[in-house]
């Protein structure tokens, strides 16, 4: 049985969320954001069902626990590390599992639906003049195939990284690439690791409630903003 590494939070250890926590980025409408950066899986693309099917197909080959669809909702309270621990995924095989899963997703990406209402929001933000990008641990090819299939043309670039716990490195690379300060960018994601990565990179983070992790665990990590519906993003990013 795998143990938790030092510093990994279990649900009981999450800090208590408070609406009164001060954030210098709380009033997004008052700030000039030069770049809006989105996570992909769970934030733009509803890949949960396909990811579950692919994971269960690979379980026998790599010797980890299959998940029942009825478990998905309760597992939203777990971080990615906790989920992999629950599934008894052999961490020495994780890079190979992820590579094979991305390849399998390539064949199914056109079956993946976009998050309801988000496509219209992306179009509006693009029309308002915001520069937008994607930071993902999925493959760039999968993301491009998805965007083309759904005729989403709002994004200026895609940054793909295979480091599932190294998104803060990707965020810092994008800051350097775009020649902007952390306060001039905002990251939007649906997982605890998105919040943790943004906080490590000192970048404002908006957590969304329609993806992989539950509202409870996302709020516990004190993101700068939390939104339940895609339409709420429009109030945070008015006409430029």
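What follows draws every value from the coordinates through simple rules; no lab data is involved. Predicted model only: the values in this text are computed from it and were never measured. All Cβ positions, even for glycine, are placed from backbone atoms using ideal geometry, and neighbour counts span all protein chains on display.
Listed values, structure above:
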{"read-out": "Helices (runs of 4 or more DSSP H) within the stretch 43-96 that include 2 or more residues without any contact (Cβ under 8 Å) to a residue 12 or more places away in the chain and over 25 Å from residue 207 (Cβ atoms)", "value": "48-62"}
{"read-out": "Filter result for residue 193 (in contact with a helix residue (DSSP H, G or I) (Cβ under 8 Å, 6 or more places away or on another chain) and closer than 24 Å to residue 109 by Cα)", "value": "yes"}
{"read-out": "Unique residue being more than 21 Å from residue 48 (Cβ to Cβ) and either in contact (Cβ under 8 Å) with a residue 12 or more places away in the chain or crowded, with 18+ Cβ neighbours inside 10 Å (or both) when the list is 234, 181, 147, 221", "value": "234"}
{"read-out": "Residue 226 being in contact (Cβ under 8 Å) with a residue 40 or more places away in the chain and surrounded by fewer than 24 Cβ atoms within 10 Å (Cβ to Cβ)", "value": "no"}
